[in-house]
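Peer 1: Just dropping this structure here.
The values are calculated or read from the model by the stated rules, or taken from the named source; none is laboratory data. Worth saying up front: this structure is predicted, and the values here are computed from it rather than measured. With ideal geometry, Cβ positions are generated from the backbone for all residues, glycine too; neighbour counts draw on all protein chains shown.
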Amino acid sequence: MKRIAPTLFLFLAACSGGQELGDHGGEKPKLVSLNPCTDAILAEVTDPEQLLAISHYSKDPRASSMEPEVAARYASTGGTVEEILALEPDIVVASTFIAPATRAALDDLGMRVETFGSVASVEESIEQVRQLARLTGNPASGESLVASIERALTGAVADGRPVEAALWQPSGIVPGEGALISDLLRRTGFESYSAARGMAQADYLALEQVVADPPEVLLIAGSEAGQRHPVLSGLLQMRRENFNTSLLYCGGPTIIRAAERLAQIRQDVS
């Protein structure tokens, strides 16, 4: 007998009683999220007790897009099938990069799995917020979050010419023009140093290049040795600002905090 059989037995027993999976009897579905970006959105749009668990990434400040006090409200899982089944969710929300074996096992067990990819623009993120809010039965909460995102972006619009900025990410790389953070930089009054020099997604920005050809603003979102080198202090024509890595990759409520931080930097430069 396959090893998963005991877990399958427990799951089927839990679902017995004539209720089909996905039929919640008029109640809003219970969810488990395996994706740190959907963790943050679901925490905003679900009712209390709807979100049974978030991903373990959101419990790690180095990988989370959630505020620590928000993440602390929820249980977490490592994404194993056994952990998910024990929570008995109606829907599992996962990344499009979910491990094929995990997806196959959940499908075989009759679990509803909804996958969401990364977003490359504010518009894509807003649509994702609405999709998740509808999935949870809370479209009004989704619209409330969308309104907050739009207010934050409106408040972050800068006057005057764009300021050239280089975003130096972990491992010394730069974002591509198709990244959400690049969209946010444009919306808050910056132009891309890396794009102007023909650099693409995940291209390496060397310390020597920064020294020889400094941007107006260097946004440091990493901790590599070159990103903290003392020589940067001597570049008086360049302003350095730290940019939290938690603001780099996810949309939803993260856009609000990222826009506020970028607006603050843009105002300080002006």
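Peer 1: List pairs: first residue in the stretch 127-145 and among the hydroxyl-bearing types (Ser, Thr, Tyr), second residue assigned to a helix (DSSP H, G or I) and crowded, with 16+ Cβ neighbours inside 10 Å anywhere in the structure, Cβ distance under 6 angstrom, at least six positions apart or on different chains.
Peer 2: Short answer, once both residue conditions are applied: 136/45; 141/45; 141/133.
Rundown of residues vs (1) of a type outside the set (S, T, N, Q); (2) at pLDDT 95 or above; (3) under 30 Å from residue 142 (Cα atoms); (4) within 17 Å of the chain's Cα centre (by Cα), yes/no style:
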| position | (1), (2), (3), (4) |
| --- | --- |
| 173 | yes, yes, no, no |
| 179 | yes, yes, yes, yes |
| 223 | no, no, no, no |
| 240 | yes, yes, no, no |
| 270 | no, no, no, no |
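Peer 1: Filter the stretch 141-163 for residues that are surrounded by fewer than 17 Cβ atoms within 10 Å (Cβ to Cβ) and not in a helix (DSSP H, G or I) and give the result.
Peer 2: The answer is 157, 159, 160, 161, 162.
Peer 1: Is there a residue in the stretch 71-90 that is assigned to a helix (DSSP H, G or I), within 17 Å of residue 247 (Cα to Cα) and either over 13 Å from the mean Cα position of the chain (by Cα) or of a type in the set (Ser, Thr, Tyr) (or both)?
Peer 2: Residues of the stretch 71-90 assigned to a helix (DSSP H, G or I): 71, 81-87.
Adding the requirement that they be within 17 Å of residue 247 (Cα to Cα) leaves 71.
If we keep only those that are either over 13 Å from the mean Cα position of the chain (by Cα) or of a type in the set (Ser, Thr, Tyr) (or both) too, we end up with 71.
There is at least one residue in the stretch 71-90 that is assigned to a helix (DSSP H, G or I), within 17 Å of residue 247 (Cα to Cα) and either over 13 Å from the mean Cα position of the chain (by Cα) or of a type in the set (Ser, Thr, Tyr) (or both).
Peer 1: Could you go through the stretch 217-224 and let me know if any residue there is more than 25 Å from residue 36 (Cβ to Cβ) and either outside any loop (DSSP other than H, G, I, E, B) or out of contact with any strand residue (DSSP E or B) (no Cβ under 6 Å at 6 or more places or on another chain) (or both).
Peer 2: Step one: of the stretch 217-224, the residues more than 25 Å from residue 36 (Cβ to Cβ) are 217-218.
Still in the running and either outside any loop (DSSP other than H, G, I, E, B) or out of contact with any strand residue (DSSP E or B) (no Cβ under 6 Å at 6 or more places or on another chain) (or both): 217-218.
Yes, the stretch 217-224 contains a residue that is more than 25 Å from residue 36 (Cβ to Cβ) and either outside any loop (DSSP other than H, G, I, E, B) or out of contact with any strand residue (DSSP E or B) (no Cβ under 6 Å at 6 or more places or on another chain) (or both).
Peer 1: Please verify whether the stretch 244-251 includes one or more residues that are aromatic (Phe, Trp, Tyr), in the same structural domain as residue 176 (by TED's automatic domain parsing), surrounded by fewer than 16 Cβ atoms within 10 Å (Cβ to Cβ) and closer than 15 Å to residue 173 by Cα. If you could, list the steps in order and put the result at the bottom.
Peer 2: At the first step, the residues of the stretch 244-251 found to be aromatic (Phe, Trp, Tyr) are 249.
Applying the additional criterion that residues be in the same structural domain as residue 176 (by TED's automatic domain parsing) yields 249.
Restricting the remaining residues to those that are surrounded by fewer than 16 Cβ atoms within 10 Å (Cβ to Cβ) gives none.
Within the stretch 244-251, none of the residues are aromatic (Phe, Trp, Tyr), in the same structural domain as residue 176 (by TED's automatic domain parsing), surrounded by fewer than 16 Cβ atoms within 10 Å (Cβ to Cβ) and closer than 15 Å to residue 173 by Cα.
Peer 1: Quick one: in the stretch 109-125, which of the residues that are part of a helix (DSSP H, G or I) and touching a Leu at 6+ places or on another chain (Cβ under 9 Å) is surrounded by the most Cβ atoms within 10 Å (Cβ to Cβ)?
Peer 2: Residues of the stretch 109-125 that are part of a helix (DSSP H, G or I), as a first pass: 122-125.
Add one more test, that the residue is touching a Leu at 6+ places or on another chain (Cβ under 9 Å), and what stays is 122, 124-125.
Values: 122: 19, 124: 15, 125: 25.
That would be 125.
Peer 1: Does the stretch 192-213 include one or more residues that are closer than 30 Å to residue 44 by Cβ, in contact with a Ser or Thr (Cβ under 7 Å, 6 or more places away or on another chain) and either at pLDDT 95 or above or assigned to a helix (DSSP H, G or I) (or both)? Walk me through it before giving the result.
Peer 2: To start, the set of residues in the stretch 192-213 that are closer than 30 Å to residue 44 by Cβ comprises 192, 201-202.
From what is left, the residues that are in contact with a Ser or Thr (Cβ under 7 Å, 6 or more places away or on another chain) are 192.
Applying the additional criterion that residues be either at pLDDT 95 or above or assigned to a helix (DSSP H, G or I) (or both) yields 192.
Checking the stretch 192-213: at least one residue is closer than 30 Å to residue 44 by Cβ, in contact with a Ser or Thr (Cβ under 7 Å, 6 or more places away or on another chain) and either at pLDDT 95 or above or assigned to a helix (DSSP H, G or I) (or both).
Peer 1: Go through 184, 180 for me and flag whichever is in contact with a Cys (Cβ under 9 Å, 6 or more places away or on another chain), within 17 Å of residue 248 (Cα to Cα) and not basic (Lys, Arg).
Peer 2: 180
Peer 1: Yes or no: residue 73 within 24 Å of residue 248 (Cβ to Cβ), basic (Lys, Arg) and surrounded by fewer than 18 Cβ atoms within 10 Å (Cβ to Cβ)?
Peer 2: So residue 73 fits the description; yes.
Peer 1: Given the conditions (1) buried (at least 16 other Cβ atoms within 10 Å of the Cβ); (2) of a type outside the set (Ser, Thr, Tyr); (3) assigned to a helix (DSSP H, G or I); (4) in contact (Cβ under 8 Å) with a residue 40 or more places away in the chain, and given that residue 106 satisfies all but one, which numbered condition is not satisfied?
Peer 2: (4)
Peer 1: Show the residue pairs meeting these rules: Cβ distance below 9 Å; 6+ apart or different chains; first residue within the stretch 69-81 and touching a residue at least 40 places away in the same chain (Cβ under 8 Å) and at positive phi; second residue of a type in the set (A, V, I, L, M, F, W, C) and in a loop (DSSP other than H, G, I, E, B).
Peer 2: If the second residue must be of a type in the set (A, V, I, L, M, F, W, C) and in a loop (DSSP other than H, G, I, E, B), the pairs left are 79/34; 79/98; 79/99.
Peer 1: Also: Check the stretch 187-198 and report whether any residue there is polar (S, T, N, Q), surrounded by fewer than 17 Cβ atoms within 10 Å (Cβ to Cβ) and without any contact (Cβ under 8 Å) to a residue 40 or more places away in the chain. I'd like the intermediate steps shown before the answer.
Peer 2: Just the residues of the stretch 187-198 that are polar (S, T, N, Q), to begin with: 188, 192, 194.
Narrowing further to those that are surrounded by fewer than 17 Cβ atoms within 10 Å (Cβ to Cβ): none.
No - not one qualifying residue is present in the stretch 187-198.
Peer 1: May I ask you to list pairs of residues, at least six apart or on different chains, whose Cβ atoms are under 8 Å apart, with the first in the stretch 202-213 being closer than 14 Å to residue 231 by Cβ and the second being among the aromatic types (Phe, Trp, Tyr)?
Peer 2: 210/168
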